[in-house]
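First comes the structure, then the notes that go with it.
The values are calculated or read from the model by the stated rules, or taken from the named source; none is laboratory data. What you see is a predicted model; the values in this text were computed from it and never measured. When we count neighbours, we look across all protein chains shown, and the Cβ atoms used for this are built from the backbone with ideal geometry, even at glycine.
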Amino acid sequence: MNSLEEEAVLFISKCYKELGKGECIEKRMKEITQQITSFGYYEHTYEEISHGAKMAWRNSNKCIGRLFWDTLHVIDARTNSKPSDIANSLFYHLESATNNGRIKPTLTVFQPKKSGEEQIRIWNHQLIRYAGYETSEGIIGDPLSIPFTKECEKLGWRGNRTNFDILPLVIETKEYGIHWFTIPEKYILEVDIEHPDYPSVKDLGLKWYAVPAIADMKLEIGGIEYTAAPFNGWYMGTEIGARNFADKDRYNMLPKIASLLNLDTSKNSNLWKDRALVELNRAVLYSYQKSGVSIVDHHTASEQFRKFEKNEKSSGRKVTGKWNWLIPPVSPATTHIFHEHYNDEWETPNFTYQMSPF
């Protein structure tokens, strides 16, 4: 038995037992062994890939939102090979996941590696992301996006050079090469940021998108590697308010928020950064809730993770986790996660990082 067969046995055994189909394992493994012998790989059924993707979410050590792993909506786009068809599937993913603001956890799976060769890669880190530009007067937009923005410009894309230009989708296939596509506005839901108590925050012109769809990670199920399998949940507010907007190497908004709040920034002991950070996060949560867009605060997310831990224990599964990712970036010690220990053990199926294609 080669390594792929071994991986397949482990996955099929676990998957089929969870699905209540243990009696089908032997028959299915015979089919898989024949495919591997003939082609060097095997193809998952939709049921296998759907449950495998859910298992991958459940096994994601860095994710605090795993309570909802079994609600993941999996879209099978493995028959798509042309870049235009792949782009249309990604547009559909965004439309389905956005769900008029009631964000639906969604994953779209495309062709996997075959005989060790990548068939499809999506260059974007997230399906929706803001561009970043280096100018003589400083950085415009998202500094984290500068390298990818430069690649998009090399391909012929041009943005409006605002702080919130939506980057194009860049798709590379083995057969057709590299192509880029502008995302139609109808598939992009954004939220304008305002504060319930400080109207001047709205004048900053901040906004963020509704669907955080990771597009550059690899989904591994039973030894099969899906190099294009974008997925999303909904945002935890601190991802936007405490990282995207607040980090110095991102939008760096804390000094401006402090100014609007008339905080004394002359010394750190005034805790002006902490006060500005809390109010910026209040603004994000308030704005998303006012707009009817799904979002969760870090305290609620932590309680949901506590329930996930309880559910996993009752199901006879151990909970793995990466502690420094699970704790929220705002007031972590107020959550139970801060006071717990988690084993950062690798379980499969799972998502992994890939080498950048550019």
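If I filter the stretch 36-50 down to residues being surrounded by 14 or more Cβ atoms within 10 Å (Cβ to Cβ) and of a type outside the set (F, W, Y), which single residue comes out as farthest from the chain's Cα centre (by Cα)? Out of the qualifying residues, it is I36.
Looking only at residues of the stretch 28-65 that are among the basic types (K, R), part of a helix (DSSP H, G or I) and touching a helix residue (DSSP H, G or I) at 6+ places or on another chain (Cβ under 7 Å), we find that the one that is farthest from P230 (Cα to Cα) is R28.
Among the residues making up the stretch 281-325, those that are surrounded by 16 or more Cβ atoms within 10 Å (Cβ to Cβ) and of a type in the set (V, I, T) are V284, V293, I295, V296, V319, T320. Tally the residues that are part of a strand (DSSP E or B) and closer than 28 Å to V296 by Cα, restricting the search to the stretch 80-121. Number satisfying all stated conditions: 4. Taking the residues in the stretch 1-28 that are in contact (Cβ under 8 Å) with a residue 24 or more places away in the chain and of a type in the set (G, A, S) as candidates, determine which candidate is nearest to G52 (Cα to Cα). For the stretch 1-28, the residue satisfying everything is A8. Within the stretch 232-271, the set of residues being hydrophobic (A, V, I, L, M, F, W, C) and in contact with a strand residue (DSSP E or B) (Cβ under 9 Å, 6 or more places away or on another chain) comprises W234, M236, I240, F245. Annotation: A301 fulfils all but one of (1) in contact with a helix residue (DSSP H, G or I) (Cβ under 8 Å, 6 or more places away or on another chain); (2) assigned to a helix (DSSP H, G or I); (3) among the aliphatic types (A, V, I, L, M); the unmet one is (1). When K207, K150 are checked against the criterion of being among the basic types (K, R), over 22 Å from the mean Cα position of the chain (by Cα) and at pLDDT 95 or above, a single residue qualifies: K150. Apart from one condition, L271 fits all of (1) at positive phi; (2) in contact with a Pro (Cβ under 6 Å, 6 or more places away or on another chain); the exception is (2). Total residues in the stretch 304-328 satisfying the condition of being part of a helix (DSSP H, G or I) and among the β-branched types (V, I, T): the figure is 0.
Among the residues of the stretch 145-170, those that are crowded, with 17+ Cβ neighbours inside 10 Å and part of a helix (DSSP H, G or I) comprise S145, F148, T149, E151, C152. Of all the residues in the stretch 272-289, those that are hydroxyl-bearing (S, T, Y) and touching a strand residue (DSSP E or B) at 6+ places or on another chain (Cβ under 9 Å) number 2.
If you check T71 against the conditions, is it among the β-branched types (V, I, T) and within 26 Å of S302 (Cα to Cα)? Yes; evaluated as a whole, the condition is true for this residue. Exactly one residue out of P230, P199 is on the phi < 0 side of the Ramachandran plot and without any contact (Cβ under 8 Å) to a residue 24 or more places away in the chain, and it is P199. Is there any pair linking a residue in the stretch 326-337 that is surrounded by fewer than 16 Cβ atoms within 10 Å (Cβ to Cβ) to one that is among the hydroxyl-bearing types (S, T, Y), with Cβ under 9 Å and at least six apart or on different chains, and which? Sorted first by the residue in the stretch 326-337, then by its partner, the pairs are T334/S302; H336/S302.
Conditions (1) closer than 15 Å to C63 by Cα; (2) in contact (Cβ under 8 Å) with a residue 12 or more places away in the chain; (3) of a type in the set (S, T, N, Q), marked per residue:
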residue: N270; (1), (2), (3): no, no, yes
residue: E279; (1), (2), (3): no, yes, no
residue: Y286; (1), (2), (3): no, yes, no
residue: V293; (1), (2), (3): no, yes, no
residue: A301; (1), (2), (3): yes, yes, no
residue: F305; (1), (2), (3): yes, yes, no
residue: S315; (1), (2), (3): no, no, yes
residue: G321; (1), (2), (3): yes, yes, no
